[in-house]
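Notes follow once the structure below has been shown.
Throughout, read-outs are computed from the coordinates displayed, never taken from laboratory work. All of these numbers come straight from a predicted model, not from anything done at the bench. Please note: Cβ atoms are built from the backbone with ideal geometry, for glycine as well, and neighbour counts cover all protein chains shown.
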Amino acid sequence: MDTKELSNQLEAMVDKYAELLIGEKDEESVEKIRQWILYNHIAKATPALAKHWNSLYPEGKEEMKKVVLEIQKKNKELKAKEE
């Protein structure tokens with residue numbers, strides 16, 4: 001399998017994850033989910049790196065907080081619809 005095929009398969013997984021998590025899979029929503037996945041993984045795997053990034057890029061940290069809150073809100077709304 002080449003890297004392009006793997007990338008396409010991973011992209012399909014992220015699309016599906018976005019749909020399951022927030023009920024949307026438009027380009028902007030998927031990009032926010034991708035950012036959240038990456039940040040969340042790094043923060044859990046290497047907290048010192050995430051802390052360092054947060055101190056270097058306080059605006060990025062604030063934007064990431066907004067992304068997380070938006071994802072949480074959409075997830076909560078989706079769950080409420082499903083009940």
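Anything over 18 Å Cα to Cα? Flag those among Lys32/Lys73; Lys16/Lys61; Lys32/Lys81; Lys25/Lys74, in the order listed.
Pairs exceeding the cut-off: Lys16/Lys61; Lys32/Lys81.
In whole Hz, with x marking every Gly and Pro, tabulate ³J(HN,Hα) for region 65-81 from phi via Karplus 6.51 cos²θ - 1.76 cosθ + 1.60, θ = phi - 60°.
Along region 65-81, the couplings run 4, 5, 4, 4, 5, 5, 5, 4, 5, 5, 5, 5, 5, 5, 4, 5, 5 Hz.
Please report, for the Cα atoms of region 9-49, the Rg to one decimal and the Dmax as a whole number; what are they, in angstrom?
When restricted to the Cα atoms of region 9-49, Rg and Dmax are 11.2, 33 Å.
Can you tell which of Ala18, Ala45, Ser29 lies farthest toward the positive end of the dipole of the chain, using +1 and -1 charges on the Cβ of basic and acidic side chains (Lys, Arg; Asp, Glu)?
Ala45
Within 10 Å, count the other beta carbons around each residue, average over each peptide in 21-32, 71-82, and list them highest first.
21-32, 71-82
Kindly rank 3-14, 54-65 from highest to lowest mean number of other beta carbons found within 10 Å of each residue.
Going from most to least packed, we get 54-65, 3-14.
Starting from the coordinates of the alpha-carbon atoms of the chain, obtain the Kirkwood hydrodynamic radius over all distinct pairs and give the value in Å to one decimal.
When all Cα pairs of the chain are included, the Kirkwood radius is 14.0 Å.
Grab the other residues whose beta carbon is less than 13 angstrom from that of Asn40, score K and R as +1, D and E as -1, and report the net.
The answer is +4.
Using the Cα centre of region 16-77 as the reference point, and only Cβ charges (+1 on K/R, -1 on D/E), how large is the resulting charge dipole? Debye, rounded to the nearest 20.
Here the size comes out at about 360 debye.
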